Amino acid sequence: FEATPQLYGKLQGAFERHYPGEPIRISSFMRYASWIGGDRDGNPNVTAAVTAHAMAEYRDTAIGWYLAQVQRLVTVLSVSSNVIDLPASFKPVLQTALDKSGQADVIAARNP
């Protein structure tokens with residue numbers, strides 16, 4: 001998850017160093033693949049259950065990574081009515097989300 005943006009960042013930095021002032025846009029060149037499904041062509045150990053399990057693991061890993069990133073962002077980002085004018089419709093939606101979270105007091109204390 002972190003390696004791809006690092007690679008693109010390093011490549012962009014190298015172009016900027018070696019070709020200063022040139023408007024170079026790096027097109028997407030990375031492609032990802034998986035063995036899932038590929039071993040189903042004769043490997044008796046790769047059953048439908050194995051493929052389903054591998055897909056579930058991939059899915060859970062990706063979702064877990066994104067959830068961790070959102071949790072990290074929650075600690076550093078906030079919206080403040082002291083900085084921007086929030087629409088009147090925002091408060092009831094926020095209160096509903098807080099009530100559903102089961103952590104309204106913790107969140108309110110962290111982001112007064």
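The values are calculated or read from the model by the stated rules, or taken from the named source; none is laboratory data. Computed from a predicted structure; not experimentally measured. Quick reminder, even Gly has a Cβ in these numbers, built from the backbone with ideal geometry, and neighbours come from all protein chains shown.
Identify, by number, the condition in (1) loosely packed, with under 10 Cβ neighbours inside 10 Å; (2) at pLDDT below 90; (3) not hydrophobic (A, V, I, L, M, F, W, C) that S27 doesn't meet.
(2)
Of the residues that make up segment 7-23, is at least one within 26 Å of L67 (Cα to Cα), part of a loop (DSSP other than H, G, I, E, B) and either among the aromatic types (F, W, Y) or within 28 Å of the chain's Cα centre (by Cα) (or both)?
Looking through segment 7-23, none of the residues is within 26 Å of L67 (Cα to Cα), part of a loop (DSSP other than H, G, I, E, B) and either among the aromatic types (F, W, Y) or within 28 Å of the chain's Cα centre (by Cα) (or both).
Residues in segment 62-74: is at least one in the same structural domain as R110 (by TED's automatic domain parsing), part of a helix (DSSP H, G or I), without any contact (Cβ under 8 Å) to a residue 12 or more places away in the chain and farther than 15 Å from F1 by Cβ? Please lay out each step first, then the result.
Going residue by residue through segment 62-74, those that are in the same structural domain as R110 (by TED's automatic domain parsing) are none.
No, because not a single residue in segment 62-74 is in the same structural domain as R110 (by TED's automatic domain parsing), part of a helix (DSSP H, G or I), without any contact (Cβ under 8 Å) to a residue 12 or more places away in the chain and farther than 15 Å from F1 by Cβ.
Checking E2 against (1) acidic (D, E); (2) exposed (fewer than 10 other Cβ atoms within 10 Å of the Cβ); (3) over 16 Å from the mean Cα position of the chain (by Cα), which single condition isn't satisfied?
(3)
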